[in-house]
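Step one of this worksheet: look at the structure below.
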Amino acid sequence: MTDRTGLLLKRRSFLLGSAAVGAGLALAGCDAIGIGARDPVPAGKLGAYIEIFDDGSVAITTPGAEMGQGVASSLPKILAEELGADWETVTTRLSGVDPAFAKPSGRQLSGNSDAVMSYYEPLRKVGAGAREMLVAAAASRWGVEQGDVTVSKGVLTNSNTGDTLSFGDVAEEAAKLPIPENPVLKDPQDFELIGVSGQRKDIPAKVDGTAVFGIDVELPGMLHAAIKHAPVAGASVEQFDASTARGMPGVLKVVNLSDAVAVIAESYWQAQQAVDTIEIADPLGDKVDSDALKDRFRAALDRDQDALPFVLGGRPPDWIESAELPAIKRAIANAPQKLEFNYSVPYLAHATLEPMCATALVKGDSCEFWAPTQAGDSIAPDVTAATGIPEDAITVHRTYLGGGFGRKNDRDFMIQAAKIAQAMPGRPVKMIWSREQDTKHGFHRPAVVVRSKVGLSSSGEVLAVHTRGAGQPLKTSSFKLPGMPSPATFAALIPEHYKFPMSRIDAIDMEEPIKTTFWRAVAGSSSGFFSDSLVDEIAHHTGRDPVEFRLSLMQDNPRGEAVLKLAAGEAGWGSRKGMGVGYWNGWNSHCVHIVEVTVEEKRLTIDKVTTAFDCGLAVDPDNVIAQVESAINFGLSAALFGKLTWRDGKVVESHYGDYPVVTLANAPQIEVHLISSPETIGGVGETGLPPIAPALTNAIFDATGDRIRDLPIVDSGYEVRR
Amino acid sequence: MTIQLKINGENRSVDVAPDTPLLWVIRDAVGLKGTKYGCGVGVCGACTVEVDGSAVRSCSVTVKDVEGGAITTIEGLSEDGSHPLQEAWIEEQVPQCGYCQPGMIMAAKVMLQSNSSPSEDDIRSQITNVCRCGTYPRITRAIQRAARST
């Protein structure tokens, strides 16, 4: 492994499983910036994850991108549990892009709430394997059986004599041993770290200003770039006037990146001032307008022939298929009572507080990145396709991410940084998007409009439910099931956890020039609002209690029933006016929110959110609670305020002033009750989001009788206050 | 032009255009990266620093505006991360992505100087910084914990 940071470690250290034990010095500086190796890690998989220093201390590398969800701590903790390390003294490191950090699926990518689900078993095996090597080395030193050596908190003990050795004492010998293929894992009953709340390892650096985010990268000889995108959705840069920019102080170069123009300068502020003067010509022809777009989507809902059916749940090949269109139409037409509701959600920005940014250095044929990226193995192929830089000549170091939420899995800003660096070979260039560029030119959560039709019996029993959506597929994902509409836009319009005698989801993929991508909870971010609004409306029209009605729709779902009952009990369901409930099951976790509101005239106060959350095994329960708190406030920001608007092809909103998010002024009191069990493992970053918007609008309905079917809530004339 | 600054108790001279926002001088000319860029228009508070006892959004003042003033950034809060606010932030496990927290902590520091025992409502009305991860419940608890310990 070559040193890529310019800093060499002073202590001797050992990478377990390394052929070159003791010969080389380990990378340093990677406490802050992830290792990236374009060659296979010479030390093998163990070496990529664990470094043991001769003083006995241990450094563990997280394979995931740390964007707030806590994987810089939770994933190393899993490994440390099996290793028997002294967690108090373990240091953790960020990873770069490397096959050694791939999930069992073969992919390295941080998203889909799957870090703990994907890495739990592999990291246990890595830790247990390393522990067995250390034990074997100690047993050999003492001339005893391996079974006579115990491990706890970084200390190896000879149970015959009571003698002890530190990991550092035997690391050099251990590193020469073969890596065990099937190490014995701990009995979960003996876990000392997993399942116990502790302090996150990344937090001290985040309170003293030393944590290195993508925007903080500083390299010798580094230049700076600022960027301006073609303002009209779908347009590329054809003509632009940079005559003023070129003459401004510090400006070195103006580069056409095809989707944007970049200015490279001695300092960021010089680059930003210069790029602000550049005029990019608008294209001729039709341009996106949000009102016209919504009308188009609404009109599409009438087109039976374009509506492709979507599955109601299940897993391949045992899909639960939607009812056929003629059958569901007949069932609803013939029903004694009919309900019909129209809902909509708008396009949303991710609004990560750290805007898109990346630093790249092109030297000859090679390109090296330092960036806040959720992506892993997808970066090199995309950069190669856009720049011609060979895939195997691309190295990615990962920094901390100042928020991700799906957006930083996109490669657009990595490609831009590479193209900028190609214009300045031999010099690292750091590109930063302004907030305005980030708001207007991100890849967005797609807008969706929905119409739900319900057939009821004369006594109010649900006979059939048909939900149809129209919306835009993701530009960043072409994945589809054969014959079905885009899953990332329409999945779970009628979620699997609500069973009706007859159901149909169908949807129309709308092609629009707006850039769209994954956003926290993906389709759940909209489907949760549609489905739990609909269920609440049916309960109201049939005189059922909203909690009791949801329970009646669940079948074989003990975890769902448990969270619903727990939340209702803790919140004192029904004890006051202005309560609303929402439920979601996703990423193998279950979440119920009960929201309490006070509404005076149209002044809305969110008094409290009471939550029950079941993610199975909670590696760190307090961090799970933190993620649920985060999903609540993220979802409330969207429900209350979130909306991007296009006029004449251009986004109207610019920053947190006109694209507001929840702040302390309106953030609710939150009380989270965890149900944890070691039998299963669920994701925690996203499941708390889908049910918060409907829980809130259902609470507003309970308080006022006003049913909000179109987000954001402020568009219905509400003022949000505390 | 050369401008004299006093940052975290040290005198620094920087050679920048006088209309450069203080934020970019702190980050790129002085090299203190703890102060963050979030919006550039004084809305989000990620760039909050203390200037002569006041909380200032450093993206929205020029370096010339604060020449001669005493500037404190997150790096100047303590030598070793032991300021009561930093310790309280760790105790309450506040940060997630962590990007907003230096600005949040600096805003809290200035608030506590004029209100040593803030109520929840005081905190809600006086700290207007954005945390996109939504760590607000813990921010409130951490400020009150720090207030109790000083």
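The values are calculated or read from the model by the stated rules, or taken from the named source; none is laboratory data. Values in this document were obtained by computation on a predicted structure and should not be read as measured data. In this analysis, Cβ positions are derived from the backbone assuming ideal geometry, glycine residues included, and neighbour counts consider all displayed protein chains.
Structural remarks
- Tallying residues that are surrounded by fewer than 24 Cβ atoms within 10 Å (Cβ to Cβ) and not in a loop (DSSP other than H, G, I, E, B) within the range A:138-148 yields 7.
- Test for B:ALA142: is it more than 8 Å from chain A (Cβ to nearest Cβ), surrounded by fewer than 22 Cβ atoms within 10 Å (Cβ to Cβ), small (Gly, Ala, Ser) and part of a helix (DSSP H, G or I): no
- Any hit, the range B:10-32, residues being touching a helix residue (DSSP H, G or I) at 6+ places or on another chain (Cβ under 7 Å), closer than 14 Å to B:GLY103 by Cα, of a type in the set (Lys, Arg) and crowded, with 22+ Cβ neighbours inside 10 Å: no
- Residue satisfying all of: in the range A:434-453; buried (at least 24 other Cβ atoms within 10 Å of the Cβ) and among the hydrophobic types (A, V, I, L, M, F, W, C); nearest to A:ALA233 (Cα to Cα) among these: A:ALA447
- Count of the range A:317-343 residues, restricted to those that are in contact with a helix residue (DSSP H, G or I) (Cβ under 7 Å, 6 or more places away or on another chain) and either part of a strand (DSSP E or B) or of a type in the set (Asp, Glu) (or both), is 4.
- Residue among A:ILE670, A:ILE632 that alone is assigned to a helix (DSSP H, G or I), at pLDDT 95 or above, within 13 Å of chain B (Cβ to nearest Cβ) and over 30 Å from A:HIS229 (Cβ atoms): A:ILE632
- Among (1) surrounded by fewer than 24 Cβ atoms within 10 Å (Cβ to Cβ); (2) at negative phi - the single one A:LEU604 does not satisfy: (1)
- Residue satisfying condition, being under 27 Å from the mean Cα position of the chain (by Cα) and buried (at least 23 other Cβ atoms within 10 Å of the Cβ), within set A:ALA568, A:ALA492: A:ALA492
- Subset tally (residues that are within 31 Å of the chain's Cα centre (by Cα), in a loop (DSSP other than H, G, I, E, B) and closer than 20 Å to A:ARG435 by Cα) for the range A:250-288: 2
- Looking only at residues of the range A:636-659 that are crowded, with 21+ Cβ neighbours inside 10 Å and at the interface with another protein chain (Cβ under 9 Å from one of its Cβ atoms), we find that the one that is farthest from A:GLY70 (Cα to Cα) is A:HIS655.
Here's the yes/no breakdown for (1) crowded, with 18+ Cβ neighbours inside 10 Å; (2) over 27 Å from A:PRO355 (Cβ atoms); (3) away from chain A (no Cβ under 11 Å); (4) in contact with a Ser or Thr (Cβ under 9 Å, 6 or more places away or on another chain):
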{"residue": "B:SER58", "(1), (2), (3), (4)": "yes, no, yes, yes"}
{"residue": "B:VAL66", "(1), (2), (3), (4)": "yes, no, yes, yes"}
{"residue": "B:THR72", "(1), (2), (3), (4)": "yes, no, yes, no"}
{"residue": "B:LEU77", "(1), (2), (3), (4)": "yes, no, no, no"}
{"residue": "B:PRO95", "(1), (2), (3), (4)": "yes, no, no, yes"}
{"residue": "B:GLY103", "(1), (2), (3), (4)": "yes, no, no, yes"}
{"residue": "B:MET106", "(1), (2), (3), (4)": "yes, no, no, yes"}
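- Within the range A:161-197, being assigned to a helix (DSSP H, G or I) and without any contact (Cβ under 8 Å) to a residue 24 or more places away in the chain holds for A:GLN189, A:ASP190.
- Summed over the range A:412-452, the residues that are away from chain B (no Cβ under 14 Å) and within 24 Å of A:PHE490 (Cα to Cα) give a count of 11.
- Any chance B:THR128 is at the interface with another protein chain (Cβ under 7 Å from one of its Cβ atoms) and either over 26 Å from B:GLY38 (Cα atoms) or within 16 Å of the chain's Cα centre (by Cα) (or both): yes
- Taken as a whole, the structure leaves B:LEU85 outside the set of residues that are more than 9 Å from chain A (Cβ to nearest Cβ), farther than 25 Å from A:ASP607 by Cα and of a type outside the set (S, T, N, Q).
- Filter result for B:GLU79 (under 30 Å from A:ARG398 (Cα atoms) and either touching a helix residue (DSSP H, G or I) at 6+ places or on another chain (Cβ under 6 Å) or not in a loop (DSSP other than H, G, I, E, B) (or both)): no
- Residues of the range A:208-249 classified as buried (at least 17 other Cβ atoms within 10 Å of the Cβ) and in a helix (DSSP H, G or I), total: 4
- Pair list, Cβ under 6 Å, 6 or more apart: the range A:208-224 residue within 18 Å of B:GLY38 (Cβ to Cβ) and without any contact (Cβ under 8 Å) to a residue 60 or more places away in the chain, other residue of a type in the set (Gly, Ala, Ser) and buried (at least 24 other Cβ atoms within 10 Å of the Cβ): A:GLY209/B:GLY34
- Inspection of the range A:695-710 identifies no residue that is among the aliphatic types (A, V, I, L, M) and surrounded by fewer than 18 Cβ atoms within 10 Å (Cβ to Cβ).
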